[in-house]
Structure formats: structure tokens, C-alpha cells
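**Student:** Sending over a structure as C-alpha cells; questions will come in a sec.
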Amino acid sequence: MTNPTTIERTSGRELVVTRIFNAPARIVFEAWTRPELMKRWWAPKSIGVPLRSCEMDVRVGGTYRLEFGHDGSESMAFVGRYLDVQPPSRLVWTNEEGEDGPVTTVTFEERDGRTLLTVHELYPSKEALDAGHGAEEGMPEQFEQLDALLAALAASV
């Protein structure tokens, strides 16, 4: 049984998503910071567009580039830079694919071998948050995929 994903708009510019994962914080953090793991869960399978490339330099000032698509001719990239990296408890990054991208903060709080994950997105305006509603729709599925990856990683240990 998986844990529920809670999504809440806490203000006109803020979205907060929470979920408990049945894995230690260090493992959940690795799934968010190791490209080979991120590629296995980040893209919701229902959209039918794979994460074809994942480049991550996970350090303060480092950058990331996530490219979705079936081939290079019809791909879409998400880019940004890391503002704060505190393994295994906190990641903060920018979303720079457009001027209305949020700053995303993810915290990993370990509780008895499980991890409370909180994703906080702060948008520059209410309009930007309203336009970015796709994240709200995709996160529950992404987190189901992350659950499956974490279970597979635990089974392989």
C-alpha cells in the first residue's frame, strides 16, 4: 500500500506537496539527485513522453537539465540551478525554462526509517501558479513511480 500525496495551495503564489515514503531520507534524497535514478521515476508514464536526458550537477551553483521527448527533434527541456544543497535533508533550485518558473524547495525529514517529503514551490505571481498547474496533476503519479523505485532499491540491498 502506498502513502497518499497531499497537494495544497497555501497562498496565491505557493504550492505545497507532501508525501511519506517508506525509505530512509538518504535513499529518497539519492533518488532526487542521481541522474540514473531520476530517469527511472521523474516522468509520469501516463503522458507517454520519457525523460530522455538528465544532467545534474547537484551542488550550490550547479545546474540541471532535464530533457523530455522521444528524440532530439521534438524535445522539451527544463533547466535551472541549485541554490541550496544539504544532503540528505534539503534541495532548492530554480526553474528557468521561462520567466514565470517557481523556486522549488524539497525537504526530506526522516521519521523512524521513513521520509516525510515536502515540495514547496513559490511562483512569482498567482497567474504563474495557475499556468503551472500541470505539476499538481503529475506529482501523485511521479510519487507512485518513486515508491516503486524505492521498493526496488530496498529489495536489491
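What follows is calculated from the coordinates using simple rules that are stated; it is not laboratory data. Not measured: the values here are computed from a predicted model. Backbone-built Cβ (ideal geometry, glycine too); neighbour counts: all protein chains shown.
**Student:** Which ³J(HN,Hα) values, rounded to whole Hz and listed in residue order, are derived for segment 86-103 from phi using the Karplus coefficients 6.51, -1.76 and 1.60 in 6.51 cos²θ - 1.76 cosθ + 1.60 with θ = phi - 60°, glycine and proline given as x?
**Tutor:** Taking θ as phi minus 60°, the curve returns 10, x, x, 10, 7, 9, 9, 9, 8, 10, 10, 6, x, 6, 9, x, x, 9 Hz for segment 86-103.
**Student:** How large are Rg and Dmax for segment 65-146 when only the alpha carbon atoms are used, in Å?
**Tutor:** When restricted to Cα atoms, segment 65-146 yields Rg and Dmax of 14.4, 46 Å.
**Student:** Could you please report the charge total around Glu36, scoring K, R as +1 and D, E as -1 over all other residues with beta-carbon less than 12 angstrom from its beta-carbon? Let's see the in-between values first.
**Tutor:** Numbers: positive: Arg34, Lys39, Arg40; negative: Glu30, Glu55.
With Lys, Arg at +1 and Asp, Glu at -1, the neighbours total +1.
**Student:** Can you give the relative contact order of segment 22-81 as a percent, counting alpha carbon pairs under 8 Å and 6+ residues apart? Show your work: numbers first, answer last.
**Tutor:** Values: 80 pairs, mean separation 13.4, N = 60.
22 percent.
**Student:** Along the charge dipole of segment 42-157, Cβ charges K/R +1 and D/E -1, which of Pro124, Ser53, Leu150 sits furthest on the positive end?
**Tutor:** Positive-most Cα among the choices belongs to Leu150.
**Student:** Taking 2.2 N^0.38 Å as the expected size of a compact globular protein, what ratio does the Cα radius of gyration of segment 10-82 give against it, to two decimals?
**Tutor:** Normalised Cα radius of gyration, segment 10-82: 1.26.
**Student:** Right, next: So what is the relative contact order of the chain, in percent, for Cα pairs below 8 Å that sit 6 or more residues apart?
**Tutor:** Across the chain, relative contact order equals 26 percent.
**Student:** Quick query: amide H of Ser53 versus all other amide H atoms, modeled in the peptide plane; which residues come in under 5 Å with a sequence gap of 5 or more or a different chain?
**Tutor:** Amide H neighbours of Ser53: Glu67.
**Student:** Here is a further query. Using log10 I(q)/I(0) by the Debye sum over Cα atoms at q = 0.09, 0.10, 0.13, 0.21 Å⁻¹ as the read-out, say which of (1) -0.27, -0.34, -0.59, -1.69; (2) -0.26, -0.33, -0.57, -1.48; (3) -0.39, -0.48, -0.72, -1.20 was calculated from these coordinates.
**Tutor:** Given (1) -0.27, -0.34, -0.59, -1.69; (2) -0.26, -0.33, -0.57, -1.48; (3) -0.39, -0.48, -0.72, -1.20, the structure-derived one carries the label (1).
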